[in-house]
Amino acid sequence: MSRPLVIVESPAKAKTIAGFLGNDFAVESSIGHIRDLPRNAADIPVSVKGEPWARLGVNVDDDFKPLYIIPKEKMPQVKKLKSLLKDASEVFLATDEDREGESIAWHLMEVLSPKVPVRRMVFHEITQNAIQSAIGNSRDLDRKLVDAQEARRILDRLYGYEVSPVLWKKVMPGLSAGRVQSVATRIIVERERSRMAFTSGQWWDLEATLASQGQTFKANSVEIDSKRIATGKDFLPTGELKNPQEVVWLNEEQAQDLASRLQDSIFEVASVEEKPFTRSPYPPFMTSTLQQEAGRKLHFSSQRTMQIAQRLYENGFITYMRTDSTNLSDQALQAARSQAKQLYGPEYIPEKPRTYNKKVKNAQEAHEAIRPAGETFRTPKEIVNLVSLDEARLYELIWKRTIASQMKNAKGHSLQVSLIANSSGEKQEVKFVTSGKTLEFFGFLKAYVEGVDDPNTESEDSEIRLPKLEVGQKLSCTLGQDCVLARSHNTQPPPRFTEASLVKALEDLGVGRPSTYASIIATIQNRGYVWKKGTALVPSFTAFAVINLLEDYFSKLVDYSFTATMEDDLDDIASGTKQAIPWLNSFYFGNADPGLKEMVSTQLGEIDAREINSIPIGNDENSVPILIRVGRYGPYIQRGEDRAAIPEDLCPDELDVNKALELLSIPTGDKELGKDPQTGLDVVVKSGRYGPYVQLGETGDPGYKTASLFKTMSVESIDLDQALQLLTLPRSLGIDPNDNKEIIASNGRFGPYIKKANDTRSLNSEDELLTIDLDQAIEIFSQPKKTRARKSAEPLKNLGKDPSGDKEIVVKEGRFGPYVTDGEINASFRKGDTIQDMTNQRAAELLAEKRLKDAASPPKAKKRSKTKIKS
């Protein structure tokens with residue numbers, strides 16, 4: 001019996017929807033895109049391999065006609081869908097409601113070619129009512145949305161496939177360029193350049209500790225004789241004052257002297273200024289703000305946030321998580337208001353529902369914000385046993401934000417008090433200021449307080465209460481000689497971007513779309529352009545070279561305004577006010593200005609690879625330039641003919657002239673240790689591609705041999721005796737009399753071990769290789785392997801409980817370096833991570849990423865060996 005066929009993208013989504021529709025419908029997933037542009041040369045059909053445009057996968061000479069192929073791994077699912085289609089009475093394409101979902105639906109229709117009616121059903125939450133409503137209100141496929149997504153896909157293919165080969169030729173193989181990823185990389189590189197050019201400026205001021213009515217408070221100096229004291233905002237990035245004539249700059253000596261002359265002074269209240277303030281609630285989440293807040297509050301990466309949100313959506317707990325709208329439906333407004341009233345009382349609910357207008361251009365207001373799904377919202381307690389811990393935490397964040405968005409404003413008063421003190425000796429009038437804040441009505445802050453990027457910024461629900469002070473009131477110091485203290489301050493370089501602040505920067509610039517931010521941030525890390533130090537995003541030196549090239553020769557392609565305008569144009573294509581083909585033609589072939597094709601063909605020969613890959617950092621004492629060079633095998637420092645490797649975890653802003661000279665002074669050549677007393681051959685220690693090693697003689701010499709240094713040894717500290725011991729490895733321990741087999745001690749890829757024929761046993765340390773004797777080895781071999789387990793490494797550092805669970809996180813030293821573990825999941829340190837700087841937050845992030853990676857890559861089944869059958 002035929003029945004309607006509903007096709008969605010993911011198996012999880014299919015399972016949830018099938019539960020609502022029952023046996024009257026067949027529900028199946030496409031498992032994502034079923035066809036796409038060719039990924040490599042092997043994907044290109046033989047019939048078009050010889051065409052000049054084939055490598056692009058887009059026929060630029062025929063209205064940018066894309067060459068779509070069905071990947072081999074998708075063939076079985078396509079076959080399954082075609083089989084289900086045979087018994088279908090009609091087809092509902094139920095892919096996501098955004099442009100990508102519309103595109104997937106179109107590809108399904110093109111590939112499956114159904115003979116039965118096809119309808120598009122859309123919904124922004126997976127609930128019984130929403131699914132039934134979507135079936136009853138299905139529509140035709142929106143070709144404008146498909147055109148917009150196809151134009152975006154073709155644009156990104158042309159950009160990547162034309163520009164990336166330039167990077168391969170001029171920087172190093174394997175690099176990639178992308179419409180949004182290159183701009184995101186530029187943002188991070190520009191911030192690091194600012195840090196590299198930054199010089200800290202120092203200033204001093206005074207802090208007075210005063211008391212009134214038994215309550216102490218602190219006040220800070222702001223003026224001396226009615227002239228403002230210099231603070232951080234008065235300094236240039238060079239460390240110099242912007243307008244030195246307009247401020248009083250205190251050095252240490254002046255500040256300490258003034259502090260001492262104010263110790264016995266009377267502080268008189270000169271003014272008391274009290275003002276009411278009001279704080280409005282934050283809008284409900286859209287994709288970008290969810291990623292930012294999950295980063296700040298839960299320490300989730302953008303990618304982790306979106307993966308968790310995807311699971312919550314597919315299982316019916318929240319609305320669609322890729323949206324740039326802050327709207328709530330009438331139903332959701334009533335649900336939020338009702339729950340807020342129930343939880344906090346009617347006094348916390350405004351008379352009318354709050355509505356929010358999106359400030360960023362091109363918001364799709366027909367979509368909803370991210371909120372709990374359903375006509376009534378389930379509380380976090382109601383779902384805690386139905387979801388994972390991470391899912392529960394993200395749901396609670398979304399729930400709280402939604403409830404708070406429909407609550408009253410917070411109200412309070414701010415207070416600013418100025419005090420005047422006159423110094424002894426050289427008479428100087430010093431003005432001090434102190435501030436307070438009190439909340440009379442918490443309003444929405446009862447439910448939700450937004451996180452902050454700057455750890456020094458106070459949260460909105462914090463209060464600073466001052467004693468009651470009146471103009472003319474005189475206060476004296478109660479702390480003796482510590483009443484007034486001189487304090488030093490230094491200007492700080494602009495902070496590096498975190499994932500949360502980068503998402504905000506991309507959004508503010510109009511670059512990319514919320515649905516792409518997580519994948520873009522993941523891409524620039526996977527490509528080696530950016531690495532993490534704690535939560536900060538640090539650009540690699542390769543990123544500097546790539547951005548140098550793009551800025552100098554393809555500046556339009558990494559221009560923020562141009563990239564944002566492209567996003568606007570794509571939105572115009574989606575709305576039907578622009579046509580895709582003429583727009584692509586203008587981008588690729590050009591009009592008044594050169595197009596992408598001409599830019600690449602004319603610029604390639606002009607690019608000076610050596611200049612692009614050079615980053616000057618200053619001169620040495622003899623005015624010889626010191627440069628960072630980005631070579632095909634990685635970055636290095638060069639001064640004349642001298643070169644030095646750059647440590648992988650060294651941030652660009654830390655590599656100044658002094659650091660470069662320090663690295664250049666480290667010996668990189670061979671270090672002679674002496675002669676082998678038995679052979680008379682030279683013994684030297686060398687630095688090799690796979691680490692330091694000792695060498696006996698030269699290649700071709702009788703007795704020539706090499707041996708790697710132990711992990712506990714270094715090129716600087718090793719001596720001749722240690723080197724000769726290493727050169728005894730692999731070492732024969734003798735013959736086991738039990739079976740007449742030789743036992744050998746050796747160091748291998750997986751650590752130290754002893755071997756007897758094909759039987760091996762691990763040793764606990766490399767040092768044992770030089771001390772173990774035959775009897776000890778025989779004893780080890782007499783034990784079953786499992787009882788000779790490697791000793792569990794002792795924790796190097798305890799980091800506390802994982803925020804995602806109750807397990808303790810510790811740092812341990814492993815075979816391949818340090819790692820963090822909760823006793824179940826192990827996650828290796830990444831580039832830039834150190835034991836000293838490892839925090840609970842960073843460790844939790846590494847473990848979460850490892851869990852997601854393990855979940856996405858299930859262990860492969862072992863291949864069964866073939867059994868030969870004798871005939």
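The values are calculated or read from the model by the stated rules, or taken from the named source; none is laboratory data. The structure displayed is predicted, hence computed values, not measured ones. Reconstructed Cβ throughout: ideal geometry from the backbone, glycine too, with neighbour counts over all protein chains shown. When the accessible area is computed, the model is the full protein with side chains, heavy atoms only, and any ligands, DNA or RNA have been set aside. Shrake-Rupley method; radii C 1.70, N 1.55, O 1.52, S 1.80 Å.
The number of residues in segment 511-526 that are open to solvent by less than 20 Å² (accessible area, probe 1.4 Å) and either assigned to a helix (DSSP H, G or I) or not hydrophobic (A, V, I, L, M, F, W, C) (or both) comes to 7. Residues that are without any contact (Cβ under 8 Å) to a residue 24 or more places away in the chain, open to solvent by less than 30 Å² (accessible area, probe 1.4 Å) and in contact with a Phe, Trp or Tyr (Cβ under 7 Å, 6 or more places away or on another chain) within segment 35-69 comprise just one, ASN59. Can you name the residue in segment 574-586 that is modelled with pLDDT of 90 or more and more than 20 Å from TRP53 (Cα to Cα) and is also least open to solvent (accessible area, probe 1.4 Å) among such residues? Among those that are modelled with pLDDT of 90 or more and more than 20 Å from TRP53 (Cα to Cα), it is LYS578.
Is one or more of the residues making up segment 385-401 in a helix (DSSP H, G or I), more than 30 Å from ALA14 (Cβ to Cβ) and more than 26 Å from the chain's Cα centre (by Cα)? Can you show your working first?
The initial filter retains those residues of segment 385-401 that are in a helix (DSSP H, G or I), namely 389-401.
Remaining after also requiring more than 30 Å from ALA14 (Cβ to Cβ): 400.
With the extra rule that they be more than 26 Å from the chain's Cα centre (by Cα), the set shrinks to none.
No, segment 385-401 has no match at all.
Filtering GLY19, GLY32 for residues that are open to solvent by less than 80 Å² (accessible area, probe 1.4 Å) and without any contact (Cβ under 8 Å) to a residue 12 or more places away in the chain leaves a single hit, GLY19.
Of all residues assigned to segment 111-127, at least one qualifies as being in a loop (DSSP other than H, G, I, E, B), of a type in the set (Gly, Ala, Ser) and out of contact with any strand residue (DSSP E or B) (no Cβ under 7 Å at 6 or more places or on another chain). With respect to the stated conditions, ARG186 is closer than 28 Å to THR542 by Cβ, touching an Asp or Glu at 6+ places or on another chain (Cβ under 9 Å), among the basic types (Lys, Arg) and open to solvent by 10 Å² or more (accessible area, probe 1.4 Å). Of all residues in segment 593-612, those that are touching a Gly at 6+ places or on another chain (Cβ under 8 Å) and either of a type in the set (Ser, Thr, Tyr) or without any contact (Cβ under 8 Å) to a residue 40 or more places away in the chain (or both) total 1.
Is it the case, given these coordinates, that GLY691 is of a type in the set (Gly, Ala, Ser) and closer than 25 Å to ILE637 by Cα? The answer is yes for GLY691.
Only one of the numbered conditions (1) free of Cβ contacts under 8 Å to residues at least 60 places away in the same chain; (2) open to solvent by less than 30 Å² (accessible area, probe 1.4 Å) is not met by ARG639, and that is (2).
The residues of segment 530-576 that are small (Gly, Ala, Ser), assigned to a helix (DSSP H, G or I) and farther than 16 Å from MET599 by Cα, listed by number, are ALA543, ALA545, SER561, ALA564, ALA574, SER575. Considering only residues that are closer than 15 Å to GLY631 by Cβ and either surrounded by fewer than 22 Cβ atoms within 10 Å (Cβ to Cβ) or touching a Pro at 6+ places or on another chain (Cβ under 6 Å) (or both), which ones fall in segment 543-559? Residue satisfying the conditions is ASN548 alone.
Suppose we keep only residues that are in contact with a Lys or Arg (Cβ under 9 Å, 6 or more places away or on another chain) and aliphatic (A, V, I, L, M) within segment 70-94. Which one would you say is surrounded by the fewest Cβ atoms within 10 Å (Cβ to Cβ)? Applying the filter and picking the extreme gives ILE70.
Tell me the residue from LEU733, LEU720 that is among the aliphatic types (A, V, I, L, M) and either surrounded by 17 or more Cβ atoms within 10 Å (Cβ to Cβ) or touching a helix residue (DSSP H, G or I) at 6+ places or on another chain (Cβ under 8 Å) (or both), please.
Values: LEU720 fails: either surrounded by 17 or more Cβ atoms within 10 Å (Cβ to Cβ) or touching a helix residue (DSSP H, G or I) at 6+ places or on another chain (Cβ under 8 Å) (or both).
From the options LEU733, LEU720, the qualifying one is LEU733.
Surrounded by fewer than 15 Cβ atoms within 10 Å (Cβ to Cβ), modelled with pLDDT of 95 or more and not β-branched (Val, Ile, Thr): is that true of GLU253 in this structure? Here the answer is yes, as GLU253 does meet what is asked. Of the set (1) farther than 17 Å from LEU846 by Cα; (2) open to solvent by less than 10 Å² (accessible area, probe 1.4 Å); (3) under 19 Å from the mean Cα position of the chain (by Cα), all apply to SER302 but (1). The one condition from (1) open to solvent by 60 Å² or more (accessible area, probe 1.4 Å); (2) touching an Asp or Glu at 6+ places or on another chain (Cβ under 8 Å) that LYS381 does not meet is (2).
Each row is one residue, and each column tells you yes or no for (1) modelled with pLDDT of 90 or more; (2) part of a strand (DSSP E or B); (3) open to solvent by less than 20 Å² (accessible area, probe 1.4 Å).
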| residue | (1), (2), (3) |
| --- | --- |
| TYR588 | yes, no, yes |
| ALA592 | no, no, no |
| GLN603 | no, no, no |
| ASN622 | yes, no, no |
| ARG629 | yes, yes, no |
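Apart from one condition, LYS341 fits all of (1) touching a residue at least 12 places away in the same chain (Cβ under 8 Å); (2) closer than 17 Å to PHE377 by Cβ; (3) among the basic types (Lys, Arg); the exception is (1). Look at segment 514-541: where a residue is farther than 16 Å from GLY832 by Cα and a partner is open to solvent by 40 Å² or more (accessible area, probe 1.4 Å) and in a loop (DSSP other than H, G, I, E, B), sitting 6+ places away or on another chain with Cβ atoms under 7 Å, you get PRO514/ARG322; SER515/ARG322.
Restricting attention to segment 643-667, the residues that are open to solvent by 70 Å² or more (accessible area, probe 1.4 Å), outside any helix (DSSP H, G or I) and under 21 Å from GLU621 (Cβ atoms) add up to 5.
Condition check for LEU210 on (1) touching a Phe, Trp or Tyr at 6+ places or on another chain (Cβ under 8 Å); (2) over 25 Å from CYS477 (Cα atoms); (3) open to solvent by less than 60 Å² (accessible area, probe 1.4 Å): one failure, at (2).
Yes/no per residue for (1) at pLDDT 95 or above; (2) part of a strand (DSSP E or B):
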position: LYS359; (1), (2): no, no
position: ASN362; (1), (2): no, no
position: ILE420; (1), (2): yes, yes
position: GLY425; (1), (2): no, no
position: VAL430; (1), (2): yes, yes
position: GLY436; (1), (2): no, yes
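In segment 249-264, the residues that are basic (Lys, Arg) form Cβ pairs under 9 Å with partners that are open to solvent by 90 Å² or more (accessible area, probe 1.4 Å) and in a loop (DSSP other than H, G, I, E, B), at six or more places apart or across chains, as follows: ARG261/GLU426. Of all the numbered requirements in (1) in a strand (DSSP E or B); (2) modelled with pLDDT under 90; (3) open to solvent by less than 60 Å² (accessible area, probe 1.4 Å), ALA707 misses one, and that requirement is (2).
Could you please let me know if GLN406 is in a strand (DSSP E or B) and either closer than 23 Å to PHE441 by Cα or at pLDDT 95 or above (or both)? Step through it out loud before you land on a result.
Numbers: in a strand (DSSP E or B): no; either closer than 23 Å to PHE441 by Cα or at pLDDT 95 or above (or both): yes.
No, not satisfied.
Restricting to segment 204-218, and then to whatever is among the hydrophobic types (A, V, I, L, M, F, W, C) and at pLDDT below 95, can you tell me which residue is farthest from ALA486 (Cα to Cα)?
First pass over segment 204-218, keeping only residues among the hydrophobic types (A, V, I, L, M, F, W, C): 204, 206, 208, 210-211, 217.
Subsequent filtering for residues that are at pLDDT below 95 retains 208, 210-211, 217.
Values: ALA208: 9, LEU210: 15, ALA211: 19, PHE217: 16 Å.
Per the criteria, the residue is ALA211.
Out of the residues in segment 605-620 meeting the condition of being among the aliphatic types (A, V, I, L, M) and assigned to a helix (DSSP H, G or I), tell me which one is most open to solvent (accessible area, probe 1.4 Å). Among those residues, the one meeting the criterion is ALA609.
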